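> Input: one structure, supplied below.
The values are calculated or read from the model by the stated rules, or taken from the named source; none is laboratory data. It should be emphasised that the depicted structure is a prediction, and the values quoted were computed from it without experimental measurement. Here the Cβ positions follow ideal geometry from the backbone for every residue, glycine too, while neighbour counts run over all protein chains shown. Remember, those area values only see protein heavy atoms, side chains included, never the ligands or the DNA or RNA. Shrake-Rupley method; radii C 1.70, N 1.55, O 1.52, S 1.80 Å.
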Amino acid sequence: MKIILFLLLFAVLSPFLPFSQPQLQAQMLFEHTSRTYLSRNVVYELNRQVTTAGFLDVHILRIPLNDPYISIAPVESIREIGLRETTQNLLATAGAIAGVNADFFGLTGTHTASMGPVVANGQLVSMTQSHNQNVNEFASFILDNNNIPFLRYIQPRIFLSINGMELMRINSINRVPNLDFPVIINRAGMANTAQLVARFPDMWQILVVDGIVTSFHPAEVLVVPENGFIIAMNVQTLVAHNPFFWGGMTAEYTVFSNFERPFSEIQAAVGGGGLILNNGQIVHDTGTVIGGRQPRTALGISGDRQSLVLMVVDGRGRSIGATHEEIAMLMLRNGVFDAMHFDGGGSSTMVAQTYGRNTGLQVVNTVSEGAQRAVINALGVFDNSTPGAIAELVLLPENTNVPPGTPLMLNVLARDLYRHNIPINLAEVQFYAEVISPDGSRHTATGEWFATNIYIPNQPGSLYVTATLGDLSVSKLYFVQAIADPTGFENDPIRTEMTTAIPGFAHDFELFVPRTGTFGYSARLETTALVIQMSAAGGGIFAADRNQWGMFNNLILSTVPSAVIIHMDTNPLRMNSAEFDLFHSALRTHIEQNPNLTIFVVSNREEVPFFYFRNGIRYLDLGINADVTMNFRVVDGQIWYDF
């Protein structure tokens with residue numbers, strides 16, 4: 001199910017930029033939000049804004065922490081330890097319904113290491129003690145066994161005891177960008193050391209079973225014992241430590257940190273960058289934060305600590321990205337009190353099953369490098385529910401534009417509360433079609449039905465189709481295209497036949513449409529029709545005058561007209577496609593809220609007259625050959641026009 005709303009209103013090798021000269025925060029002029037439910041309480045939102053600095057696309061996942069069927073867990077490659085893969089591949093392999101890229105990492109090579117600890121399903125998967133020892137660098141998201149979330153700068157410590165003494169300092173657990181320092185390998189990382197032998201032909205391995213050092217092995221494949229571990233290193237490290245006299249000694253390792261809970265009480269953890277918010281206050285000058293306006297990935301915790309917000313802000317393209325302060329403000333306006341950065345830039349990626357369960361993960365944001373970057377890990381959202389009773393119906397097709405006389409092939413999907421698709425018999429679904437009169441009342445449509453789910457509309461206008469199965473029903477608004485060659489007068493969209501002339505017609509108002517020139521923003525109310533003049537010269541509405549975005553939509557809301565006529569000095573379809581889509585989405589929302597509303601967007605810039613109908617909005621370019629005066633008349637809530 002989708003809900004449409006609108007309101008007026010590094011990777012680690014990258015250089016860190018200081019905050020001493022922050023960019024001015026962009027002010028929002030307009031925003032439009034669409035929402036898609038991925039599960040019962042898991043929501044994906046696309047928030048598209050027009051700001052004083054440019055266009056901004058913000059992608060949001062809202063995840064409950066108190067739903068017993070929804071879980072959060074980090075995901076790393078299951079093929080090889082430290083292997084970089086795309087966010088989409090990592091999360092699809094793990095069976096997630098949504099997620100984002102997570103920790104920072106080194107960009108060199110196919111294998112690398114993340115910065116913070118990784119805990120999944122209550123098990124410590126990997127960690128290093130190379131960071132956060134003397135200064136806060138990389139924060140971590142932590143979810144304890146009671147589903148209580150935390151953001152902390154973890155200072156980990158790995159202590160290897162040989163006969164009670166620390167004879168060798170361990171660098172990491174199951175984290176092997178190289179073997180220049182000793183690494184502990186256990187079953188959480190791999191079942192055998194074949195992948196390490198292939199990568200490091202000079203490696204050495206110390207085998208520990210049941211707490212005893214049992215043997216030493218060069219580069220040969222060993223099974224990682226379930227009741228033990230392996231200490232791996234290169235030959236230089238081996239020579240430096242000379243551990244051959246350890247045979248038969250006791251060996252064990254202990255992991256602890258500065259966090260108030262032991263790792264045994266943590267169900268999930270993953271690293272990231274610096275903090276953004278702490279208890280509702282913007283955090284400055286702490287941790288790893290890339291300066292400037294960038295693509296960003298971030299995690300936030302709600303004020304009641306009952307939900308998470310995962311956020312990706314697109315940048316380095318049509319969307320301008322966000323500064324540290326701007327993403328802090330975005331988090332605050334989404335109910336977040338504590339937040340941290342994940343890796344951003346070319347790594348920023350969000351995926352979700354936006355087409356329904358088991359339809360595959362889609363990359364929902366625009367990655368800044370044109371293709372997904374291979375990353376070290378991701379944070380996934382998992383739905384562990386099983387199919388249940390039908391809770392909602394979804395009416396198809398999604399495309400709501402229907403040419404007159406064209407068969408409308410209807411279908412219905414049935415879903416439970418967690419959006420599992422439930423099989424149904426389409427023959428048991430009852431379909432019903434209604435047209436909308438000028439006074440807002442509905443009447444049975446007079447088109448023709450074939451079988452039970454094929455309808456051929458015979459009159460233009462707004463068409464409501466309802467599907468019913470048992471006690472459940474769903475309705476959708478379709479638009480039957482009515483624009484033809486508008487020679488003479490048209491009553492659009494109510495009348496079936498186009499009228500070439502109306503004797504004695506007296507127009508209520510005129511609209512002069514010049515073939516040249518540009519103009520600024522203005523508006524007037526003619527009877528019940530709202531006439532708005534807007535400029536899109538020079539590349540679009542924003543380029544001409546960005547403040548127009550903050551005016552036209554609010555005016556439509558406040559006047560509640562029967563018709564809106566927007567006169568532009570440029571054919572809006574010639575604007576940047578992304579700006580046109582946002583402009584069209586804003587107008588479409590008004591149509592969906594008031595199906596009787598007629599919206600014209602009129603220009604006079606094409607060599608050949610151009611007519612385009614989409615979602616109940618009529619785009620007319622009258623041709624550049626001559627100045628044109630359009631005459632309008634409002635009769636019984638209907639708009640008549642000629643030119």
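> Report the one residue of N576, T52, G623 whose Cα lies farthest in the direction of the positive end of the charge dipole of the chain (charges on C-beta: Lys and Arg +1, Asp and Glu -1; origin at the Cα centre).
Most positive-ward Cα: T52.
> What's the FRET efficiency of A191 with N66 using the Cβ-Cβ distance as r and R₀ = 30 Å, to the nearest 0.05? Each step should come with its number before you reach the end.
Values: r = 35 Å, r/R0 = 1.18.
Taking R0 as 30 Å, the efficiency between A191 and N66 is 0.25.
> How far apart, in nm, are two points set 7 Å out from the Cα along the Cα-to-Cβ line at Q306 and at A578?
Here the modelled spin labels are 3.6 nm apart.
> Let me ask something additional. State, as an integer percentage, the relative contact order of the stretch 199-353 based on alpha-carbon contacts under 8 Å between residues 6 or more apart.
Working: 253 pairs, mean separation 30.5, N = 155.
This gives 20 percent for the stretch 199-353.
> Let me ask something additional. If you split all Cα-Cα distances of the stretch 281-390 into 5 Å bins from zero, what percentages do you get per bin, shortest first?
With 5 Å bins starting at 0, P(r) equals 2, 11, 19, 21, 19, 14, 7, 4, 2, 1, 0.
> How large is the dipole of the stretch 378-447 about the Cα centre if only Lys and Arg carry +1 and Asp and Glu carry -1, each at its Cβ, rounded to the nearest 20 debye?
On the way: 3 positive and 7 negative charges, 13 e Å.
Here the stretch 378-447 has a charge dipole of around 60 debye.
> Counting pairs of alpha carbon atoms under 8 Å apart in space and at least six apart in sequence, what relative contact order in percent does the stretch 543-643 give? Please list the in-between numbers first.
Values: 131 pairs, mean separation 22.2, N = 101.
Over the stretch 543-643, the number comes to 22 percent.
> For G380, enumerate residues with amide H under 5 Å from its amide H, sequence gap 5+ or separate chain, H modeled in the peptide plane.
For G380, the qualifying residues are A73, V75.
> Still on this structure, I have one more. Based on the Kirkwood radius over alpha-carbon pairs, what value in µm²/s does the Stokes-Einstein equation return for the translational diffusion coefficient of the chain at 10 °C and 1.306 mPa s?
Numbers: Rh = 28.1 Å.
Calculated translational D: 56 µm²/s.
> Please report, largest first and rounded to whole Å, the three semi-axes of the ellipsoid equivalent to the stretch 133-278, where each semi-axis is the square root of five times an eigenvalue of the C-alpha gyration tensor. Please report the intermediate quantities before stating the final value.
Details: eigenvalues 183, 53, 46 Å².
Equivalent-ellipsoid dimensions as semi-axes: 30, 16, 15 Å.
> Sticking with this one: Pop a pseudo-label 7 angstrom from the Cα along the beta-carbon direction at both N547 and E392 and give the gap in nm to one decimal.
With each label placed 7 Å out from Cα toward Cβ, I get 4.1 nm.
> Show me the chymotrypsin sites (Phe, Trp or Tyr not before Pro) within the stretch 507-613 that DSSP assigns to loop and that have at most 16 other Cβ atoms within 10 Å of their Cβ.
Numbers: sites: F509, F512, F519, Y521, F542, W549, F552, F580, F583, F600, F610, F611, Y612, F613; in loops: F519, Y521.
Within the stretch 507-613, the qualifying chymotrypsin sites (Phe, Trp or Tyr not before Pro) (loop, at most 16 other Cβ atoms within 10 Å) are F519, Y521.
> Where the centre of each part is set by its Cα atoms, how far does the stretch 541-557 sit from the stretch 229-266, in angstrom?
63 Å
> Here's another thing I want to ask about it. Could you calculate the FRET efficiency of A240 with I78 from 1/(1 + (r/R0)^6), where r is the beta carbon distance between them and R0 is 25 Å, rounded to 0.05?
Working: r = 33 Å, r/R0 = 1.32.
Calculated value: 0.15.
> Could you give the dipole magnitude of the chain about its Cα centre, charging the beta-carbon of Lys and Arg +1 and that of Asp and Glu -1, in debye to the nearest 20?
Values: 36 positive and 54 negative charges, 140 e Å.
Using Cβ point charges on Lys, Arg, Asp and Glu, the chain gives about 680 debye.
> Using a 1.4 Å probe on the protein chains only, how many percent of the accessible area of the chain belongs to carbon and sulfur?
Values: 13200 of 25870 Å².
Answer for the chain is 51 percent, counting heavy atoms of protein chains only.
> Moving on to the next point. Taking the highest mean first, how do the peptides 38-48, 163-173, 283-293 order by number of other beta carbon atoms within 10 angstrom per residue?
38-48, 283-293, 163-173
> Taking the Cα centre of the stretch 46-100 as origin and charging only Cβ (+1 Lys, Arg; -1 Asp, Glu), how large is the dipole, in debye to the nearest 20? Mind showing how you got there, number by number?
Details: 4 positive and 5 negative charges, 28 e Å.
The calculation lands at about 140 debye.
> If you don't mind, another one. Report, to one decimal in Å, the Kirkwood hydrodynamic radius for the stretch 159-240 based on all distinct Cα pairs.
Working: mean 1/r = 0.0795 Å⁻¹.
Value: 12.6 Å, from the Cα pair sum.
> Give the relative contact order (percent, whole number) for the stretch 127-272; include only Cα pairs under 8 Å separated by 6+ residues. Don't skip to the answer; put the middle values down first.
Numbers: 292 pairs, mean separation 44.1, N = 146.
It rounds to 30 percent for the stretch 127-272.
> So how do M233, M115 rank on accessible area, 1.4 Å probe, biggest first, that is with the largest at the start? Walk me through the intermediate numbers first.
On the way: M233 0, M115 25 Å².
Largest accessible area first, the residues go M115, M233.
> Moving on. What are the chymotrypsin sites (Phe, Trp or Tyr not before Pro) within the stretch 288-393 that DSSP puts in a loop, where the Cβ has at most 14 other Cβ atoms within 10 Å?
Details: sites: F337, F342, Y355, F382; in loops: Y355.
Within the stretch 288-393, the qualifying chymotrypsin sites (Phe, Trp or Tyr not before Pro) (loop, at most 14 other Cβ atoms within 10 Å) are Y355.
> How high is the FRET efficiency from T110 to D508, r the C-beta distance, R0 51 Å, rounded to 0.05? Display every interim value, and only then the final one.
On the way: r = 70 Å, r/R0 = 1.37.
For T110 and D508, the calculated efficiency is 0.15.
> Could you calculate the contour length gain from R524 to T93, that is, 0.36 nm times the residue separation minus the distance between their Cα atoms, to one decimal place in nm?
Numbers: separation 431, 0.36 × 431 = 155.16 nm, distance 5.66 nm.
Length gained between R524 and T93: 149.5 nm.
> I'd like to compare 139-150, 565-576, 320-331: which one has the highest average count of other Cβ atoms within 10 Å, and what's the full order after that? Numbers along the way, then the final one.
Details: 139-150: 19.4, 565-576: 21.0, 320-331: 23.5.
For the peptides 139-150, 565-576, 320-331, the packing ranking is 320-331, 565-576, 139-150.
> Helix-only estimate, please: 222 nm mean residue ellipticity of the chain, summing -39500 (n - 2.57) across DSSP H runs of length 4 or more and dividing by its residues, to the nearest 500. Working shown, then result.
Numbers: 7 runs with 60 residues, N = 643.
Helix-only estimate at 222 nm: -2500 deg cm²/dmol.
> Hey, another quick one. Give the value in nm², to one decimal: projected area of the alpha carbon convex hull of the stretch 418-481, averaged over all directions. Kindly include the intermediate steps, with their values, before the conclusion.
On the way: hull surface 22.4 nm².
Quarter of the Cα hull surface area: 5.6 nm².
> Sticking with this structure for a sec: So, for the chain, what is the accessible surface per residue at a probe of 1.4 Å, expressed in square angstrom?
Values: 25870 Å² over 643 residues.
Computed with neighbouring chains in place, this is 40 Å² per residue.
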